[in-house]
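Reading through the structure tokens given below for one structure.
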Amino acid sequence: MLIPTPLGHTGLNINRLVYGTLPLGPLQSNLSPEEGGKLIRYALEQGVTLLDTAALYGTYPHIREGPKGYDGEVIIASKTHAATACDARAHVEQALKELDRSELDIVHLHGARLQNPFLERAEVFAELKKMKMEGMIRRLGVSCHYISAVEQAAENPDIEVVHPLINKNGMGIIDGSAAEMAAAIKRCADNGKGVYAMKALAGGNLISEARASLRYVLDLPGVHAIAVGLLSKAEIDGNLALFNEGVADPATWEKLESRLRTIKIMDQFCKGCGACIPSCSSQALRLENGKAKVEREACILCGYCAAACPEFFIRVV
């Protein structure tokens, strides 16, 4: 029997494996809502409780499809990357409409590339607080690639959930090391924040050592759960066994750890507009001879460049 984990002082009890839905949608695998919904439904039936999404991901149809007819608990966390209050409200209203919900369990200020999200997105944060008062949002959170942002979140009384980037190599952390991010995460948890981590596999760069990489993050003080992108029943089963029972079947994980992903830029169509470059917090993109190029060693496969490309010529595959 799976034992739920308290998500800080939020009142939520969740499975330590959070379903990261980004890979299901158009930024990566581009599964149909029916295909993605079947995987989500399977995960829910195996004990997963929290689904992580965002306005950017395009996975609301998949999430709406998955729980149809399911009578267990489904907790949804979304994010807004809006730069204005008007757009933030539109993102939340869109989520409520597409998910057919009257409220969202968690909404994060999507501050991946913001060093001081509460200052740089003060207007947006104020609007999120307003929507919480109106009953559209139950809990406020922030998603961060900056240690400084996690440290600020630890002291912000309005933030209940923190979604930080952390992996054993510190890949993708913008302003310091894995150890420094781990200390900031512990500070958040010590202050009662719920913490579920992202990029434990550094966007696939650590997939060949996935068991050790996931174990590193799971064992960090203050990490209540990890969001993982899941694209098969085997991935769901393998991760649930590892997260909840500490069991890692060698044959299963050898197969999972051999699955590599990469970013694909369609060079023949790229117009060299450069819109993708500022979207990359890892500084893995550059223009070369009028075309976007990726430094694969720096890329964490977050997919934000795919969302930024106006011509949809970038994919994570």
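Just so you know, all these numbers are worked out from the coordinates, no wet-lab data involved. Only a predicted model underlies this, so the values are computations on that prediction, with no experimental measurement involved. Cβ atoms come from the backbone with ideal geometry, glycine included; neighbour counts cover every protein chain shown.
If R0 is taken as 45 Å, the Cβ-Cβ distance between ASP158 and ASN289 corresponds to a FRET efficiency of 0.45. Going by a ≥ b ≥ c, the root eigenvalues of the Cα gyration tensor, does the range 262-317 fall in the rounded group (a/c under 1.5), the prolate group (a/b larger than b/c) or the oblate group? Note, shape of the range 262-317 comes out rounded.
So for the range 24-110, what are the equivalent ellipsoid semi-axes in whole Å, largest first, each being the square root of 5 times an eigenvalue of the Cα gyration tensor?
Over the Cα atoms of the range 24-110, the semi-axes work out to 22, 14, 10 Å.
Amide H to amide H distances under 5 Å link VAL18 with ILE226, ALA227, VAL228, where only residues 5 or more positions off or on other chains count and H is placed in the peptide plane. Once you have a ≥ b ≥ c as the square roots of the Cα gyration tensor eigenvalues for the range 160-241, tell me rounded if a/c is under 1.5, and otherwise prolate or oblate according to whether a/b is larger than b/c. The shape class here is oblate. A simple spin-label model places the labels of LYS97 and GLU297 4.7 nm from each other, with each point 7 Å out along Cα-to-Cβ.
For the range 179-195, backbone phi angles converted through the Karplus equation (6.51, -1.76, 1.60; θ = phi - 60°) give residue-by-residue couplings of 5, 5, 5, 4, 5, 5, 4, 4, 4, 4, 5, 4, 8, x, 6, x, 10 Hz, Gly and Pro being listed as x. Take every DSSP beta bridge whose two residues both sit in the range 5-256; close to 5 percent of them are antiparallel.
Legend note: in the chain, cysteines whose Cβ sits 4.7 Å or more from every other cysteine Cβ are CYS86, CYS144, CYS188, CYS270, CYS273, CYS280, CYS299, CYS302, CYS309.
As a ratio to 2.2 N^0.38 Å, the alpha-carbon radius of gyration for the range 73-116 is 1.21. Cα centroids of the range 162-193 and the range 256-270: how far apart, whole angstrom? Spelled out, the Cα-based centre of one part sits 28 Å from the other. With the simple model of a label 7 Å out from the Cα in the direction of the Cβ, ASN116 to SER258 spans 5.1 nm.
Taking loop as defined by DSSP and a crowding limit of 13 other beta carbons within 10 Å, which chymotrypsin sites (Phe, Trp or Tyr not before Pro) in the range 212-317 fit? Sites meeting the loop and neighbour criteria: PHE269, PHE312.
Is the C-alpha gyration tensor of the range 5-256 telling us rounded, prolate or oblate? Criteria: a/c under 1.5 is rounded; beyond that, a/b larger than b/c is prolate, otherwise oblate. It comes out oblate by the Cα gyration axes. Cross-link pairs exceeding 29 Å between alpha carbons, from the set LYS79/LYS233; LYS199/LYS264; LYS97/LYS129: none present. When Lys and Arg each count +1 and Asp and Glu each count -1, what net charge do the other residues less than 10 Å away from ALA88, Cβ to Cβ, add up to? In short, -1.
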